[in-house]
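Just below is one structure, and these are the notes that go with it.
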């Protein structure tokens with residue numbers, strides 16, 4: 001079920017009404033635990049209907065992933081509650097801690113194993129076959145026809161982070177299986193994030209919630225802005241991007257450059273638009289999800305870019321991969337290795353393709369250049385307007401170059417696009433610049449990009465403090481969608497991951 005579909009427009013008000021009718025207490029009336037449990041159960045049912053809209057068989061997978069993580073966390077909690085006995089194991093740790101590590105290891109193996117089979121089995125098999133054939137060993141195994149479940153990477157990481165947090169002692173395991181199922185399957189952020197932490201979202205399912213008008217107003221602003229970014233900007237620019245990447249040698253180098261720039265805006269508006277709608281819908285239900293994007297293309301360094309882009313994923317890799325590897329408090333050779341590991345894994349998380357791995361590799365390279373620059377020149381604490389503009393431009397050029405590999409899907413397609421871009425064929429006629437979509441549609445693309453920039457003049461995160469300003473903003477978004485939006489109902493890009 002897509003956020004920009006008629007089905008969701010009917011689904012949301014029905015769930016919203018049922019949610020508050022079941023749960024909302026009268027003035028002065030306390031909220032019973034039973035009503036809270038029923039309300040969480042309603043969220044689970046609504047979330048499973050939302051997720052099963054694509055394919056009901058996916059429900060078996062998310063149910064198993066959730067229950068497995070919940071069971072492992074309970075086992076960890078039982079071990080942690082046992083009295084500490086004297087003596088150490090052969091590894092120098094108390095016996096209970098050793099068992100906890102085994103439980104975490106099994107949880108990781110099972111959940112990552114499921115993700116690996118559905119998402120990476122054919123990729124690793126094909127590369128293994130190619131390697132064997134390259135060294136003279138003939139191999140012809142058959143690839144599996146596997147349907148990639150929507151959002152499997154997101155809810156798998158969310159469930160795993162919970163088990164790891166329980167192991168670390170950051171959160172106590174909950175015995176409320178309904179609340180935990182609601183945490184993993186919460187429909188606004190289920191299929192494309194943000195990847196929520198149990199320390200933030202799970203406690204919100206365990207305590208009473210009341211409808212707040214200010215939160216609902218903020219939620220409606222986020223929903224309107226997210227749909228504007230998706231339907232007006234991302235879907236409009238996608239027509240030009242599809243043409244330029246579909247046959248790059250048919251167009252000029254200028255068209256290829258514009259196509260790459262437009263894709264950087266498309267993927268930002270497509271993904272951040274989903275995150276905005278997800279956060280807005282959650283606000284209507286009394287939940288606060290983490291901010292996933294913070295105007296990343298205004299970053300002055302690549303480290304800042306990754307503090308602003310897909311924050312939930314970058315912080316996930318930082319907390320559960322980068323810091324356990326030693327972070328930046330290690331010798332330089334190991335720091336370099338840590339960065340490469342994190343960003344190559346990040347690229348692989350996005351898709352089973354060498355092009356995604358290359359995309360992650362470029363960002364690792366950019367960050368390493370920044371680290372070496374800091375080591376040699378030191379931190380430049382002073383910056384003026386010109387240096388800031390230059391820094392932002394450098395970050396954007398590097399990001400756009402890496403996005404070419406992301407959009408191309410394969411290394412071969414990316415190389416073809418780069419050859420077309422760098423062949424120095426600079427046709428600047430209007431028809432050449434339009435890339436076959438027509439002057440009017442090309443004008444719509446420019447208007448959409450301009451409206452995105454204009455929207456940055458408003459308050460950060462759509463925090464309109466008065467009803468009047470919020471109403472005007474929502475009406476402007478709706479008007480833009482009606483007059484400029486693409487009624488295609490296109491799927492969000494990150495649904496593929």
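The values are calculated or read from the model by the stated rules, or taken from the named source; none is laboratory data. Everything numeric in this text was worked out from a predicted model, so none of it was measured. Note that we place each Cβ from the backbone using ideal geometry, even for glycine, and neighbour counts take in every protein chain shown.
Residue 476: without any contact (Cβ under 8 Å) to a residue 40 or more places away in the chain and buried (at least 16 other Cβ atoms within 10 Å of the Cβ), yes or no?
So residue 476 passes the test.
Return the pairs, sorted by first residue and then second, in which the second residue is outside any helix (DSSP H, G or I) and surrounded by 22 or more Cβ atoms within 10 Å (Cβ to Cβ), the first residue lies in the range 254-270 and is touching a residue at least 60 places away in the same chain (Cβ under 8 Å), the beta carbons are less than 9 Å apart, and the residues are 6+ apart or on different chains.
Every condition considered, the pairs that remain are 255/435; 258/435; 259/251; 259/435.
I need a count of the residues in the range 405-428 that are buried (at least 16 other Cβ atoms within 10 Å of the Cβ) and within 16 Å of residue 254 (Cα to Cα).
Going through the range 405-428 one residue at a time, the tally reaches 5.
Residue by residue, here is whether (1) modelled with pLDDT of 95 or more; (2) in a loop (DSSP other than H, G, I, E, B); (3) in contact with a helix residue (DSSP H, G or I) (Cβ under 7 Å, 6 or more places away or on another chain); (4) more than 25 Å from residue 110 (Cα to Cα) holds:
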site	(1), (2), (3), (4)
21	no, no, no, yes
30	no, yes, no, yes
34	no, no, no, yes
38	no, no, yes, yes
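Restricting the first residue to the range 406-427 and requiring it to be touching a residue at least 40 places away in the same chain (Cβ under 8 Å), which pairs with a second residue that is part of a loop (DSSP other than H, G, I, E, B) meet a Cβ separation below 7 Å and a spacing of at least six or different chains?
Within 7 Å, the pairs are 409/353; 410/353; 425/252; 426/252; 427/252.
Scan the range 323-353 residue by residue and report those that are within 18 Å of the chain's Cα centre (by Cα) and free of Cβ contacts under 8 Å to residues at least 24 places away in the same chain.
The answer is 344, 347.
Select, from 431, 440, the only residue that is under 17 Å from residue 254 (Cα atoms) and either part of a helix (DSSP H, G or I) or touching a residue at least 12 places away in the same chain (Cβ under 8 Å) (or both).
Testing whether each residue is under 17 Å from residue 254 (Cα atoms) and either part of a helix (DSSP H, G or I) or touching a residue at least 12 places away in the same chain (Cβ under 8 Å) (or both) leaves just 431.
Within the range 280-367, considering only helices (runs of 4 or more DSSP H) that don't extend past its boundaries, which have at least 1 residues that are under 30 Å from residue 211 (Cβ atoms)?
Hits in the range 280-367: 311-317.
I'd like the full set of residues that are under 16 Å from residue 369 (Cβ atoms) and surrounded by fewer than 19 Cβ atoms within 10 Å (Cβ to Cβ), limited to the range 340-350.
Hit for the range 340-350 is 340, nothing else.
May I ask you to verify whether residue 96 is modelled with pLDDT of 80 or more, in the same structural domain as residue 63 (by TED's automatic domain parsing) and within 25 Å of residue 161 (Cα to Cα)?
In short, no.
Restricting attention to the range 370-389, which residues are surrounded by 13 or more Cβ atoms within 10 Å (Cβ to Cβ) and without any contact (Cβ under 8 Å) to a residue 12 or more places away in the chain?
Passing the criteria: 373, 374.
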